[in-house]
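The values are calculated or read from the model by the stated rules, or taken from the named source; none is laboratory data. It should be emphasised that the depicted structure is a prediction, and the values quoted were computed from it without experimental measurement. Counting neighbours? That spans all protein chains shown, and the Cβs are built from the backbone with ideal geometry, glycine included. Remember, those area values only see protein heavy atoms, side chains included, never the ligands or the DNA or RNA. Shrake-Rupley method; radii C 1.70, N 1.55, O 1.52, S 1.80 Å.
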Amino acid sequence: MENLMSACCSKCTHDQSDPCKDYLLCRTEGPICHDSEECRAKRQALIDKVHLSAEKSNRRVLICAGTGCVASGSRDVQQVMLQAVKDAGITDCEVSITGCHGFCEQGPIVIVEPEGVFYGGVSADDVEEIVEKHLKNGELVERLFFTEPNSGDKDKYYRDIMFYKKQERMVLKNCGHINPEKIDEYIVTGGYSGLIKTFTDFTSQKVVEEVKTSGLRGRGGGGFPTGLKWQFTAQAQGDVKYVVCNADEGDPGAFMDRSILEGNPHAVIEGMMIAGYAVGATEGYVYVRAEYPLAIKRLERAIAQAEEYGILGGNVLGSGFSFKLKIKAGAGAFVCGEETALLNSIQGERGMPRVRPPFPANEGLWYKPTLLNNVETYANIPIIMEKGGDWYASRGTEKSKGTKVFALTGKINNTGLAEVPMGITLREIIFDIGGGIKDGKKYKAVQIGGPSGGCLPEEQLDLPIDYDSLISAGAMMGSGGLVVMDETTCMVDLARYFLTFTQNESCGKCVPCREGTKRMLEILTRITEGDGQEGDIETLERLAKSIKNTSLCGLGQTAPNPVLSTLRYFRNEYEAHINKKWCPAGECKALTVLKIDPEKCNGCTRCARNCPVEAITGEVKQVHEIDPEICTNCGTCIENCRKEAIYKG
Ligand SMILES: Cc1cc2nc3c(=O)[nH]c(=O)nc-3n(C[C@H](O)[C@H](O)[C@H](O)COP(=O)(O)O)c2cc1C
Ligand code: SF4
Ligand code: SF4
Ligand code: SF4
């Protein structure tokens, strides 16, 4: 049985004109129509290949082929591994690629199943040792184990690594474990069974009710209840309707949607098909930014395979429902992630937001009723349909159900993607999963929610994360970007950095966003350059309020958030910059003076010898001094002083 159109064995009566509608169930729960040894053997071989068991001698070497690992050389590792396994005469071991594990800084990552051994930072030169020691002789290659940043413990197995232990991987379950380029692997791990259940047990209206029961809220930023959005689109009048997937992912540092598309593309296709069935749409678009070539390639392949299997196309699985899916590559403007700008962009127009209402549910793509959701939102749908809305609603918090994928970056030991249950605290994410702050420094704040999010200080570390708690703390879920800052980060400069981004990305359609963010940025720049004036804070607050209240789209409505949240929690830093002309974090060059501690300096002259502008004077074995008039704050002397005698005063 190659696909839905072909016979599974000699007893099979199905052909092109009468495809088997039980194909998918048969793969995982069969036999369904008839029983035959030939059929069973084929099915079992496929299941065995993916679900390895400890009793069996066969192994799978899984090489991560997500963007991060590919960039650090995993394709070479794969080629050399394939050859080495062959040369060693090992026949019961398959070498396969997977999507991203979310721990890209450890890449290239190689997992050996069924043991679940995790090797990080593997290069082509390490392959021979893995084959000789592990695959041939059952000895593990310890030097490639992951070392826990705090305890220094070496973890043998994937399941022991702290980064993964506190995660609850539902949407990312398949990422890193199946080959995303093979539809069969998705199917034998239960893929498309949510779709079958939808067709067999649910009317369109019942699907909408099930999604409502699940309590799922949109993962693209705003957290709008997904079931309600589906209901609006289902009720909208229109002969043609569309389902659109927002895979623009414009937030700097975020890569969760890309990872899902690269590692588990069929989950998004399945979610969109269920959505199409629920709202009465027969055509869908996935809008992916062109900077994601691998995600586009994997999605194209997945669509082609689903079409070949008769899953996408006409009369899907004999249900009478038809659905086709297209990809639209976007040119990568942040504002094109805004839903109405995205729709304009698909239509070939300039990606600028539309005035709402009407909302896309009534007038969306080509002004027809359109359902638009985010990648992660769609990827949750098959899980809801398979396990039930009530099951889903039992996870997470009262008003935010399920899990959320976060992108952890910044001054943290373990950077990467983490899928956690809603309600987990920031402390657990940053210190348990993230392994704490780098280089033993002190935690200062976390910027959560992307460029339009907010910064939360130490006293908010025990905040349970959900949509509403974050908003009341002055931040937002956004798409799930989480940037951790240590004591050396200046919060005024950070707010300036994020506002620079949103200001650059403003499409210019409305005055408050176009001009207002510019004025805010000018003030922030002045403050960080030492020219802050009395009244600046009040002007910033006034401008922020009016930009939020009067901008046309979410970009302008949220752009002032980083400024407002830093003013809320770190007002003293603004005051120090303006009133004392001093940057407490020592980051703003114009407001930072470098000094040498006479108690520590032994006059070794290293600083003076390395200073590019000859700002340091002092005799050998005498305490040295820095001339602040000449010093450019480049930091070279700090790096060179072995006595740690130079500090920012
Ligand atoms: C400036 C801006 C950028 C956005 N970028 C994205 C994005 O990259 N991906 C996304 O899914 N939603 C993005 N959104 C949110 C979308 O407008 C929309 O709310 C979301 O895609 C709806 O899907 P959901 O209900 O599943 O969250 C952005 C919104 C704004 C205002
Ligand atoms: S708020 Fe900004 S990005 Fe949105 S429409 Fe207005 S100018 Fe464009
Ligand atoms: S490098 Fe450090 S110890 Fe040496 S002279 Fe400079 S400040 Fe003093
Ligand atoms: S910060 Fe740079 S310019 Fe200033 S004293 Fe040190 S080395 Fe010289």
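Among the residues of the range 288-301, those identified as within 12 Å of residue 67 (Cα to Cα) and part of a loop (DSSP other than H, G, I, E, B) are 291, 292. Checking each residue in the range 612-631 for being within 11 Å of ligand 4 (Cβ to nearest atom), at negative phi and either open to solvent by 80 Å² or more (accessible area, probe 1.4 Å) or among the charged types (D, E, K, R) (or both) picks out 612, 617, 625, 627, 629.
Could you look through the range 203-229, keep only residues that are under 24 Å from the mean Cα position of the chain (by Cα) and outside any loop (DSSP other than H, G, I, E, B), and pick out the one that is farthest from residue 372 (Cα to Cα)? For the range 203-229, the residue satisfying everything is 214.
When the criteria are applied in full, residue 92 meets the requirement of being in contact with a Ser or Thr (Cβ under 6 Å, 6 or more places away or on another chain), open to solvent by 10 Å² or more (accessible area, probe 1.4 Å), among the charged types (D, E, K, R) and closer than 23 Å to residue 45 by Cβ.
Residue-by-condition table, conditions (1) surrounded by fewer than 20 Cβ atoms within 10 Å (Cβ to Cβ); (2) hydrophobic (A, V, I, L, M, F, W, C); (3) not in a helix (DSSP H, G or I):
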residue	(1), (2), (3)
456	no, yes, yes
475	no, yes, yes
479	no, no, yes
485	no, yes, yes
492	no, yes, no
515	yes, no, no
521	yes, yes, no
526	yes, no, no
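Applying the set (1) under 26 Å from residue 47 (Cα atoms); (2) in a helix (DSSP H, G or I); (3) in contact (Cβ under 8 Å) with a residue 24 or more places away in the chain to residue 86 leaves exactly one unmet item: (3).
For the range 596-611, the candidate set comprises residues that are in contact (Cβ under 8 Å) with a residue 40 or more places away in the chain and surrounded by 16 or more Cβ atoms within 10 Å (Cβ to Cβ); within that set, the residue that is farthest from ligand 2 (Cβ to nearest atom) is 601.
Of all the listed residues (317, 342, 372), the sole one being hydrophobic (A, V, I, L, M, F, W, C), more than 22 Å from residue 450 (Cβ to Cβ) and either open to solvent by less than 30 Å² (accessible area, probe 1.4 Å) or free of Cβ contacts under 8 Å to residues at least 40 places away in the same chain (or both) is 317. When the range 529-585 is filtered for residues that are in a loop (DSSP other than H, G, I, E, B) and within 16 Å of ligand 1 (Cβ to nearest atom), the ones remaining, listed by number, are 551, 552, 553, 559, 560. Consider the range 63-74 and keep the residues that are farther than 16 Å from residue 119 by Cβ and surrounded by 15 or more Cβ atoms within 10 Å (Cβ to Cβ). The one that is nearest to the chain's Cα centre (by Cα) is 67. Among the residues of the range 211-242, those identified as touching a Phe, Trp or Tyr at 6+ places or on another chain (Cβ under 8 Å), surrounded by 24 or more Cβ atoms within 10 Å (Cβ to Cβ) and closer than 28 Å to residue 397 by Cβ are 211, 214, 215, 216, 217. Restricting the range 295-314 to residues that are among the small types (Gly, Ala, Ser) and farther than 25 Å from residue 368 by Cα leaves a set whose member that is surrounded by the most Cβ atoms within 10 Å (Cβ to Cβ) is 295.
Looking at the range 498-510, which of its residues are in a helix (DSSP H, G or I) and either in contact with a Leu (Cβ under 8 Å, 6 or more places away or on another chain) or free of Cβ contacts under 8 Å to residues at least 24 places away in the same chain (or both)? 499, 500, 502, 503, 504, 505 - these are the residues of the range 498-510 that are in a helix (DSSP H, G or I) and either in contact with a Leu (Cβ under 8 Å, 6 or more places away or on another chain) or free of Cβ contacts under 8 Å to residues at least 24 places away in the same chain (or both).
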